[in-house]
Amino acid sequence: MRHLVLFAQAVPVPRDLELPLPIGEWELKLILVLLFLVHIFFVNLMVGGSLLSVFFEILGLTRPRYDSLAKKIAETITVNKSLAVVLGVGPLLCINLVYTIHFYSANALTGYAWFAIIPLVIFAFLFAYLHKYTWQIWTGGRKRLHVITGGFSAFLFLCIPLIFLTNINLMLFPGKWAEVGGFFSSLQIGNVFPRYFHFLSASLALTGLFLAGWFGRRKFPREKHLPDFTRVELRRLFYRVAFYVSLAQLVFGPLLLFTLPGVGVTGTLYWVILSGAAVVLIVLHILWRQIKMPDEKISRLYIPIWMLFGVVVLLMGTGRHVYREACLVEHKQMIADETARFNAIELATQMSIRAGMGAGEALGGGMTGEKVFQNCAACHAVDRVLAAPSLREVYSLYKDNPAGIVAWSKNPGKKRPQFAPMPSFAHLGDEKLTLVADYILEIASGADSAKSEPSD
Amino acid sequence: MDFPLFFLDFFGNRILIAIVASVHVFINHPLAVGAWPLVMLMEWWGRRKGDADWDHLMYKITFVLFIVTTTVGALTGVGIWFTTALIAPFGIGTLLRVFFWAWFTEWLVFVSEVVLVMIYFLTWKRWLAGWQKSLHIGVGALLSGFSWLTMMIIVGILGFMMGSGNWPEARTLFSGFFNPIYIPQLAFRTSFAMGTAGLFVWFLLYFFTKKHSDLRRRAVRFVSGWMLIWSVPFAASSVWYWQVVPDAMRANVDVGLMTQRFAQWHETLAVIMAITLVALLLAALVGLARPKLIPRVALLIPFILGVWLLGHFERVREFIRKPYVIADYMYSNGVKVSELPVFQRDGILPYSTYVEHHTVTSANEIEAGRDVFLVTCSRCHTTSSGVNAVVNKFENLYGTGPWDDAALTAFINTMHTSRTFMPPFPGNDREVKALTAYLKELQKNRELLFGAQAGWTIRNNNQAQTGTP
């Protein structure tokens, strides 16, 4: 068993694809950032929903009203998880285009894990369905099995973003590619884990805010589904989730920022991220006020809170993009130079071939039977049997009949059972085949040729 | 190709793609394209008869379809893309640049399809009567349309990727869509999907109805009628497809080696198509006349036949496929047609980033040969295991004894002219020699090779390196 070997070079500088992008790079990046935010929103709700559902189900083991809450949360996952996946394809198309070299290289380097995303998502979804549709069936003694099912699906939901994140992270550091030994070793590159925890708490915060609106909305048939809660109670509960988790971001955020590898850290990045953080502080303040509000006033600021959250998400998304660009700007230039260098060589080679062709090939002067015979030499030799009858045998069959060789080569038959069929060489054309037929008869006409008999 | 090489030696890269694609097709055809219109029609029928039991039965069947299509169905669709991009990033990357808008549209259709699936299933028990029920049936109809549209686009894109388009001249997607086998193939796939959907729904009915119930009898009758009707276009499009394939072959494959294998393939295709059709018809007729007669397992027979048929069907690509990912522009090992002369003069290793040796010397011959194998052959061949192992291929030709150097060299030098489905060798004479050295070593010592995904073994630059790029 052998692993690929690579000399530890500083930074690999591959060639880029030659074709231009289908639309402008900036438009593409804009589409990428926007589509990605829509996608990640549903990913957040999917991951946060499955975590909260399991959390409340466990809480519900001792306090039954939380069990029905957990069930209602689990039901929101059905739609959110499907949207997360299908809406992910669009940004994936864009990132494939804008960062072709970097993204695909990271994918290949973490290949097993990257491919594993497909079965992992399938199983995560199947277990989420199992969790949802056995809620009323697996009760009593089987309740524990039910909780484990939910827990397993949540665990799978936790793995998938980690793989994505590791790829997105790895692609930023081409200088490390030569050191990577698969998925697990690439976890050590850059600052995967701070990013991951930042993502997780963002998921929980957004899900909290979403659920505050989902269960707190007037049209929600609460009496039917969650009779043991009041509307205000539900609102407050999920505002609380959003608040405390966002508070944790005050730890994870700076941790993420200060562990970022220095290559892409710029002044702009600080400005963008710090303005995001400032808005977070405002949101936190409002959330806190809301939680403390008297019951009748609690719903009033829901939409404004979302808008502020939207601003945060947009700023953080922009920050991520700014960092990515800064990380890659130098390497992209190196790739562009290398590509240009190669293209020049390619062009020069083609020119010289064209010039050379004019003298020899075009007049047909270059072609000889010996050269054409290269096409046959893989299987035919004069005295030996390689993958076909020897030329001696051919000679005995076609001694005075070169046209027969041409005809056979254009449309070979199947005579001898011990060989695989001979491919047709019709595409070489009569002229070349005649040359090679004469050549074969010439080299095979040794003195002892008369001795060999046709074998069939 | 100038990417780190993902390489599944023990398994074969192409097998991975084949598995994912097959699972997707086997789910997508009968369960999505075929089953949605059938279920929608049955829902409409139940409403006409005012039959609540019937409606509830259809709800249960939809539940199964919903679970399967939103998990395995949707994800294997995405999976085809994941695997092809992993194995042939140069190809997918280039195709994306040409067909971005087509794929973008396909994506929008896909999003709509999934959204409609969710609406259709999740509102079933909420929109039960009056105009709401009509709306629900309408959603079902729309869903059927979008499922079919997804297939229509995908088959076109696949057809194009399989190299039947005259892209370098025309550079449009339409040349891919309107290749001569596209329409017959679409007709065939559609009626096939509809017919097998009948089988699948029938199979499910047995789980959700009581053995001698009237409900089961009526439902089986309905499904049988559906299958009977679709077997007519199924037969017609089979014949149509069977007739156009040889022409398409002749236009695309100019090599005689293929003609023998193709003749075989073509005969088998006719036989499987006929058996499948007969089985489908038989099931439908018995279902109509004696709905109780057919046991559950018997339904699996035509279904398995269908699977076999589709599998055989997919092999047509092997024939049409030129050695290109993109016709006349890029070969399947990522080498562009225009860069071939450079590699044949200077060698490919000096221009490959992710290899150990950038020049061949007498000291590193076997190792450099391994690099050459990886860069030039590994997209299509494994080393010594799996279905397309290069060692086995050579043993078929030259036997298990020591191979003849001159023969190997001649083979590699002419691999394209004697087997047009393989690209020309993109390297110089020194690299041919290294490759033969490696192949002969491989024959003696069948060692598995791991791709970049399993980690590099790093060697330091200052260690005696015999050549520099």
task: Would you check which residues across segment B:393-403 are at the interface with chain A (Cβ under 8 Å from one of its Cβ atoms) and surrounded by fewer than 20 Cβ atoms within 10 Å (Cβ to Cβ) and list them?
output: B:Asn396, B:Leu397
statement: Within segment B:352-365, the count of residues that are without any contact (Cβ under 8 Å) to a residue 60 or more places away in the chain and within 12 Å of chain A (Cβ to nearest Cβ) comes to 1
message: Where the second residue is outside any helix (DSSP H, G or I) and at pLDDT 90 or above and the first is under 19 Å from B:Val372 (Cβ atoms) and among the small types (Gly, Ala, Ser) and lies in segment B:387-407, which pairs have Cβ atoms under 6 Å and are six or more apart or on separate chains?
response: B:Ala389/B:Thr382
query: Can you tell me which residues in segment A:169-207 are of a type outside the set (Val, Ile, Thr) and closer than 20 Å to A:Thr100 by Cβ?
result: A:Asn169, A:Leu170, A:Met171, A:Leu172, A:Phe173, A:Pro174, A:Gly175, A:Lys176, A:Trp177, A:Ala178, A:Ser186
Extreme residue, nearest to B:Tyr398 (Cα to Cα), among residues of segment A:405-440 that are assigned to a loop (DSSP other than H, G, I, E, B) and among the basic types (Lys, Arg): A:Arg416
- request: For segment B:66-79, indicate whether the set of residues that are within 8 Å of chain A (Cβ to nearest Cβ), of a type in the set (Gly, Ala, Ser) and either in contact with an Asp or Glu (Cβ under 9 Å, 6 or more places away or on another chain) or buried (at least 20 other Cβ atoms within 10 Å of the Cβ) (or both) is non-empty.
  value: yes
query: Condition test on A:His131, is it farther than 29 Å from A:Val33 by Cβ, more than 9 Å from chain B (Cβ to nearest Cβ) and crowded, with 21+ Cβ neighbours inside 10 Å?
result: yes
query: In segment A:55-66, is there at least one residue being of a type in the set (Lys, Arg) and assigned to a helix (DSSP H, G or I)?
result: yes
message: Take A:Val280 and tell me if it is crowded, with 19+ Cβ neighbours inside 10 Å and β-branched (Val, Ile, Thr).
response: yes
message: As an exercise: evaluate B:Pro341 against (1) at the interface with chain A (Cβ under 9 Å from one of its Cβ atoms); (2) in a loop (DSSP other than H, G, I, E, B) and give the number of the one condition it does not meet.
response: (2)
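Per-residue answers, yes or no, for (1) touching a Phe, Trp or Tyr at 6+ places or on another chain (Cβ under 9 Å); (2) part of a helix (DSSP H, G or I); (3) more than 25 Å from A:Ala106 (Cβ to Cβ):
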{"site": "B:Phe82", "(1), (2), (3)": "yes, yes, no"}
{"site": "B:Ala85", "(1), (2), (3)": "yes, yes, no"}
{"site": "B:Ile92", "(1), (2), (3)": "yes, yes, no"}
{"site": "B:Phe100", "(1), (2), (3)": "no, yes, no"}
{"site": "B:Phe121", "(1), (2), (3)": "yes, yes, yes"}
{"site": "B:Trp127", "(1), (2), (3)": "no, no, yes"}
{"site": "B:His136", "(1), (2), (3)": "yes, yes, yes"}
{"site": "B:Ser144", "(1), (2), (3)": "yes, yes, yes"}
{"site": "B:Thr150", "(1), (2), (3)": "yes, yes, yes"}
- request: Sort through B:Arg290, B:Arg315, B:Arg321 and tell me the only one that's surrounded by fewer than 20 Cβ atoms within 10 Å (Cβ to Cβ) and modelled with pLDDT of 80 or more.
  value: B:Arg290
field: Among the candidates A:Arg354, A:Arg324, residue that is at pLDDT 85 or above and either buried (at least 17 other Cβ atoms within 10 Å of the Cβ) or outside any loop (DSSP other than H, G, I, E, B) (or both)
entry: A:Arg324
query: Would you pick out the residues in segment A:207-232 that are buried (at least 16 other Cβ atoms within 10 Å of the Cβ) and over 20 Å from A:Val79 (Cβ atoms)?
result: A:Phe229, A:Arg231, A:Val232
statement: Across (1) surrounded by fewer than 19 Cβ atoms within 10 Å (Cβ to Cβ); (2) away from chain B (no Cβ under 11 Å); (3) in contact with a helix residue (DSSP H, G or I) (Cβ under 6 Å, 6 or more places away or on another chain), A:Ala426 clears everything bar (2)
- prompt: So, in segment A:317-353, of the ones that are hydroxyl-bearing (Ser, Thr, Tyr) and in contact with a Lys or Arg (Cβ under 8 Å, 6 or more places away or on another chain), which residue ends up farthest from B:Pro341 (Cα to Cα)?
  reply: A:Thr339
query: Among (1) assigned to a helix (DSSP H, G or I); (2) crowded, with 19+ Cβ neighbours inside 10 Å; (3) within 10 Å of chain B (Cβ to nearest Cβ); (4) not charged (D, E, K, R), where does A:Tyr395 come up short?
result: (3)
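The values are calculated or read from the model by the stated rules, or taken from the named source; none is laboratory data. Since the model is a prediction, treat every value here as computed from it, not as a measurement. Note that we place each Cβ from the backbone using ideal geometry, even for glycine, and neighbour counts take in every protein chain shown.
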